[in-house]
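Working notes, beginning with the structure itself.
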Amino acid sequence: MRRTYLKKLLKTAVIIATLVVALTAVSCKKEKNSVERFYGDISYDAPMLVMSMEEVEDEEEPGIVYREIEDMDAVLNNSTVPVMIYFYSSTATDVAGVTAGVEDIAQKLDGRVIVLSVDIMRLRDVASRFKVQYVPDFVLVQGNNVKSSFNAIDYDYWTTTDVYNWLINEGV
């Protein structure tokens, strides 16, 4: 009789431990991705976008999907990782190459940094807020405070590999 009681007690303890582990994993996942609730619909022409790693239909591996951001402060205030803001001008002719490099950075550093892109021609107030005077340029924000700026204008020549290395040097 005592042995049966101990078996039931042990089985109950195993079930409870399994539930605790499962619930902890779910709550950690929600916390990590909580900023995603501020991501809007898929868009490729909104003035402010996030480069989000997601499953892509008809693709074997996840890829970058652009989602509209309407409330940048909500993203900045709720992100548990730094946010890199990529400032560009939709009127510039050479933006495609830089944007492709920034997509590579977003993929490589997925989960370690959130990458926003801001068109300064349509959102001049955001560029002014972060004191961006030259595009393309990059600002690293943590907790709604500027942590660092890349200051592309200070370089005679740079590539997105330099931007990647800057992020790594900043602790991303």
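With respect to (1) under 14 Å from T99 (Cβ atoms); (2) in a loop (DSSP other than H, G, I, E, B); (3) not polar (S, T, N, Q), the lone exception for Y66 is condition (2).
Do we have any residue at all in segment 88-96 that's within 25 Å of W166 (Cα to Cα), among the aromatic types (F, W, Y) and over 17 Å from the mean Cα position of the chain (by Cα)? Yes: segment 88-96 contains one or more residues that are within 25 Å of W166 (Cα to Cα), among the aromatic types (F, W, Y) and over 17 Å from the mean Cα position of the chain (by Cα).
Kindly evaluate I69 against the criterion of being within 16 Å of the chain's Cα centre (by Cα) and in contact (Cβ under 8 Å) with a residue 40 or more places away in the chain.
yes
Residue-by-condition table, conditions (1) modelled with pLDDT of 95 or more; (2) of a type outside the set (D, E); (3) in the same structural domain as R122 (by TED's automatic domain parsing); (4) over 28 Å from Y134 (Cβ atoms):
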site: Y5; (1), (2), (3), (4): no, yes, no, yes
site: L10; (1), (2), (3), (4): no, yes, no, yes
site: I15; (1), (2), (3), (4): no, yes, no, yes
site: A25; (1), (2), (3), (4): no, yes, no, yes
site: C28; (1), (2), (3), (4): no, yes, no, yes
site: M84; (1), (2), (3), (4): yes, yes, yes, no
site: A92; (1), (2), (3), (4): no, yes, yes, no
site: A96; (1), (2), (3), (4): no, yes, yes, no
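Determine which member of the set I105, I69 is crowded, with 19+ Cβ neighbours inside 10 Å and more than 18 Å from K147 (Cβ to Cβ). From the options I105, I69, the qualifying one is I69.
Residues are listed down the side, and each one gets a yes or a no for (1) under 17 Å from the mean Cα position of the chain (by Cα); (2) crowded, with 17+ Cβ neighbours inside 10 Å; (3) touching a residue at least 12 places away in the same chain (Cβ under 8 Å):
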position: R129; (1), (2), (3): no, no, no
position: V135; (1), (2), (3): no, yes, yes
position: V139; (1), (2), (3): yes, yes, yes
position: Y155; (1), (2), (3): no, no, no
position: L167; (1), (2), (3): yes, yes, yes
position: E170; (1), (2), (3): yes, no, yes
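Do you know which residues across segment 86-145 are out of contact with any helix residue (DSSP H, G or I) (no Cβ under 8 Å at 6 or more places or on another chain) and in a strand (DSSP E or B)? If the condition is that a residue be out of contact with any helix residue (DSSP H, G or I) (no Cβ under 8 Å at 6 or more places or on another chain) and in a strand (DSSP E or B), then D119, V139, Q142, N145 are the ones that fit. Annotation note: Cβ proximity below 9 Å between a residue of segment 75-102 that is closer than 25 Å to N145 by Cβ and a residue that is basic (K, R) and not in a loop (DSSP other than H, G, I, E, B) (sequence gap 6+ or interchain) occurs for N78/R37; T80/K32; V81/K32; P82/K147.
The values are calculated or read from the model by the stated rules, or taken from the named source; none is laboratory data. Quantities reported herein were computed from a predicted structural model and do not represent experimental measurements. Cβ sites come from the backbone with ideal geometry, for glycine too, and all protein chains shown count toward neighbours.
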